[in-house]
Amino acid sequence: MGRILWHFMEYHSVQALTVATISTRRPQRKNTRTHMDRLYADNAATSFPKPPEVARAMQDYAEQLGASAGRGAYREALETGEILAETRRRLARLIHAAAPEQVVFTFNCSGALNLAIKGLLNPGDHVVATRMEHNSVLRPLHALADAGIITVDYVSADPATGLVDPAGVLAAVTPRTRLVCVVHASNVTGALNDLGAIGPILNKKGVVFLVDAAQTAGHVPIDVQRDGIDLLAMPGHKGLLGPLGTGALYMRPGLEQQIRPILEGGTGSVSELPRQPDHLPDKYEAGSHNAIGLAGLGAALAWIEARTVAALHKHGAALSAQFLEQIDDVKGLSLLGPRDPARRVPVFSIRVEGMDPAEVAAVLEAEFGILARSGLHCAPFAHETIGTHRDGGTTRLSLGPFNTPADVDRIAAALREIAAAIAPV
Ligand SMILES: Cc1ncc(COP(=O)(O)O)c(C=O)c1O
């Protein structure tokens, strides 16, 4: 009892409410921890740290090139163009795309999802989406549905894990269904969905299959051709280990005939045309590129390629197995998500009985130097599904390739200590 050394006076104002809430339940004690290494456990938001090569590539670009790709015939512009082309080739290889041009750069995963959804759908179309989708899918769908353009059916998931039943998704498809959206891994529960049980069947029906790979690109091997994925949305800044401001949409060859750009503008190509070019990738890449970001992403992809996604996935699964085992017997602590490390990525939503998820995150930071995120994680239907919507969501800890078994020990020990301190005596 009382093993947590509450020392709330040092909190900043944003945490004051939380702190006050807890401090009424426990006596204030002095924090004797003098120094704590910060342990970043919010890789589901954006990965940190990045491989050192990423910052080096960005610095090299900034100091030696600084040009805009496709906007000049001088050496610096051409070299910048080559950096972008190499990044595109690496990304295409990573997901087994037929050709690099099938990969369109965006500024994040939301940009890729908006392009896929708003570019593809036409009045009268029906869409099937899961209730585990992120707001970056839900909001574009609701915008189109609210405007009377499309109709959407949301398929529920297993309340205990957040896993989506492929048969349920397929059963919701109607003759009017144009698009099916499935999140590869939930950013709330970590549940890893079986794309191969959905994609090839949708391909036969002629229904477009959009996968949100925000939590899997770079973490889990992806083969768009094997799994019948027509559209794959990826952030460059999470598992792909690039900087913020990068992302991409993969399009199955031929789909560019059916997808309108949602942004028109200069491409540095066929400038005599006052209309958007219809060749890939220029059709969807209006305006100057985030060259410095894409230089960083290219270096990150080289780092991933050298290690292989399969090995990184194995590392993540080992951390998951360790975490699940270590928190299994902690009284008052519940994990929302699959218990099988093979059915998840290392994104863990937890709740501590008697504490608000924001309080848990605040204590993790202040007392243990562990950086977690609390709340609904931009996925309101997912929290409705697992029953945490009305109680402030969950506290989420998400790991990346640089996390170690020692990090997992530290997180599990911290959670154990918090749960014990709040438990009724
Ligand atoms: C499942 C999922 N989809 C989409 C997104 C949006 O990604 P971005 O922030 O790159 O737009 C996120 C971000 O957390 C996510 O977790």
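Restricting region 31-46 to residues that are part of a loop (DSSP other than H, G, I, E, B) and modelled with pLDDT of 95 or more leaves a set whose member that is surrounded by the fewest Cβ atoms within 10 Å (Cβ to Cβ) is ARG38.
Counting just the residues of region 359-378 that are in contact with a Leu (Cβ under 8 Å, 6 or more places away or on another chain) and small (Gly, Ala, Ser), which one comes out surrounded by the most Cβ atoms within 10 Å (Cβ to Cβ)? The extreme case among them is ALA372. The residue that is farthest from the ligand (Cβ to nearest atom), among those in region 379-405 that are surrounded by fewer than 17 Cβ atoms within 10 Å (Cβ to Cβ) and in a loop (DSSP other than H, G, I, E, B), is THR404.
Looking at GLU325, is it free of Cβ contacts under 8 Å to residues at least 60 places away in the same chain, more than 14 Å from the ligand (Cβ to nearest atom), open to solvent by 60 Å² or more (accessible area, probe 1.4 Å) and among the charged types (D, E, K, R)?
Criteria met by GLU325.
Has region 72-94 got any residue that is within 16 Å of the ligand (Cβ to nearest atom) and modelled with pLDDT of 95 or more?
Step one: filter region 72-94 for residues within 16 Å of the ligand (Cβ to nearest atom), giving 91.
Those left that are additionally modelled with pLDDT of 95 or more: 91.
Checking region 72-94: at least one residue is within 16 Å of the ligand (Cβ to nearest atom) and modelled with pLDDT of 95 or more.
Just one of GLY242, GLY247 is touching a strand residue (DSSP E or B) at 6+ places or on another chain (Cβ under 8 Å) and among the small types (Gly, Ala, Ser); which is it?
Details: GLY242 fails: touching a strand residue (DSSP E or B) at 6+ places or on another chain (Cβ under 8 Å).
After ruling out the rest, the residue left standing is GLY247.
Residues in region 107-124 that are open to solvent by 20 Å² or more (accessible area, probe 1.4 Å) and not in a helix (DSSP H, G or I): PHE107, ASN108, ASN122, PRO123, GLY124.
The values are calculated or read from the model by the stated rules, or taken from the named source; none is laboratory data. Everything quoted here is computed from the prediction, not taken from an experiment. So basically every Cβ, Gly included, is an ideal-geometry build from the backbone, and we count neighbours across all protein chains shown. With ligands, DNA and RNA removed, areas are computed over all heavy atoms of the protein, side chains included. Shrake-Rupley method; radii C 1.70, N 1.55, O 1.52, S 1.80 Å.
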